[in-house]
Amino acid sequence: MLVHENNKGYILIATEIEAEFQRLEAQLKPHRVVGFIREKFLIEDAKAVIAEAYISEAQTKYIIIGSREFNAISQNALLKLLEEPPSNIEFIIISPTKSNLLATVRSRLPIVKGQNLHEITHIELNLARVSYAQIFAFLKEHARIKRAEAKSLLEALYYRATVVDKLLLSSLQLENFDKAYRLLELNSRPQTVLAMILMSFVGEK
């Protein structure tokens, strides 16, 4: 499996934009965090983000962009920057809904949901080098998981793979995540669905 040379960041879907920014700012310390939190994210805001991104940093600097409204012009202005960020720069975009964002923006960063981020701390699996024994232990631990909990766990596994372990998922793995949600809706056994997802990471380098 391919690993990102540098993690570009991610898109966070959350309704409480200010609260998420404050949580992230505290969580990312001692790294430098620069926030652009606006009611409407306009072209002048995009220009300010670009200027900030090109201020060189010796260590990782997080640029957090949060807004309830993003116009197309401001998003298009950021595309090249999101595709090829300067060294040591990571972006986090906070939006209440992914439909606010252009498909070209969504294609450049993984999308996670804010309400499920707390689950990440409970996932100790490193999906970049997970073993059969670790998968067996994980499935045993979640043997009696309910369907709603399994959906949250899928979100957490996706976040773990793409953001924490910085993996570039194969087309098959992406399809498996989509298939997993559909299977849970059809009342498939949660443990079986989780096994399908986890097994796709074994042996992938």
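For this structure, a couple of remarks:
- Checked against the criterion of being in contact with a Phe, Trp or Tyr (Cβ under 8 Å, 6 or more places away or on another chain), surrounded by 17 or more Cβ atoms within 10 Å (Cβ to Cβ) and either in a loop (DSSP other than H, G, I, E, B) or hydrophobic (A, V, I, L, M, F, W, C) (or both), the candidates LEU153, LEU184, LEU194 yield just one match: LEU194.
- Residue match in the stretch 189-200 (condition: of a type outside the set (A, V, I, L, M) and over 17 Å from GLN134 (Cα atoms)): yes
- Residue selection: SER200 fails the criterion of being closer than 30 Å to GLU18 by Cβ, of a type in the set (S, T, N, Q), out of contact with any strand residue (DSSP E or B) (no Cβ under 7 Å at 6 or more places or on another chain) and at pLDDT 85 or above.
- Output for the stretch 4-50, where each listed residue is assigned to a helix (DSSP H, G or I) and surrounded by 17 or more Cβ atoms within 10 Å (Cβ to Cβ): ILE17, GLU20, PHE21, LEU24, ASP45, ALA46, VAL49
- Which numbered condition ALA58 misses (of (1) modelled with pLDDT of 90 or more; (2) out of contact with any Pro (no Cβ under 7 Å at 6 or more places or on another chain); (3) over 24 Å from ASP165 (Cβ atoms)): (1)
- Total residues in the stretch 158-180, condition touching a helix residue (DSSP H, G or I) at 6+ places or on another chain (Cβ under 7 Å) and more than 22 Å from PHE136 (Cβ to Cβ): 2
- Which listed residue, of GLU20, GLU83, is touching a helix residue (DSSP H, G or I) at 6+ places or on another chain (Cβ under 7 Å), under 30 Å from PHE201 (Cβ atoms) and of a type in the set (Asp, Glu): GLU20
- Qualifying residues in the stretch 163-181 (those that are among the polar types (S, T, N, Q) and farther than 22 Å from ILE145 by Cβ) - the one surrounded by the most Cβ atoms within 10 Å (Cβ to Cβ): SER170
The values are calculated or read from the model by the stated rules, or taken from the named source; none is laboratory data. The structure displayed is predicted, hence computed values, not measured ones. Backbone-built Cβ (ideal geometry, glycine too); neighbour counts: all protein chains shown.
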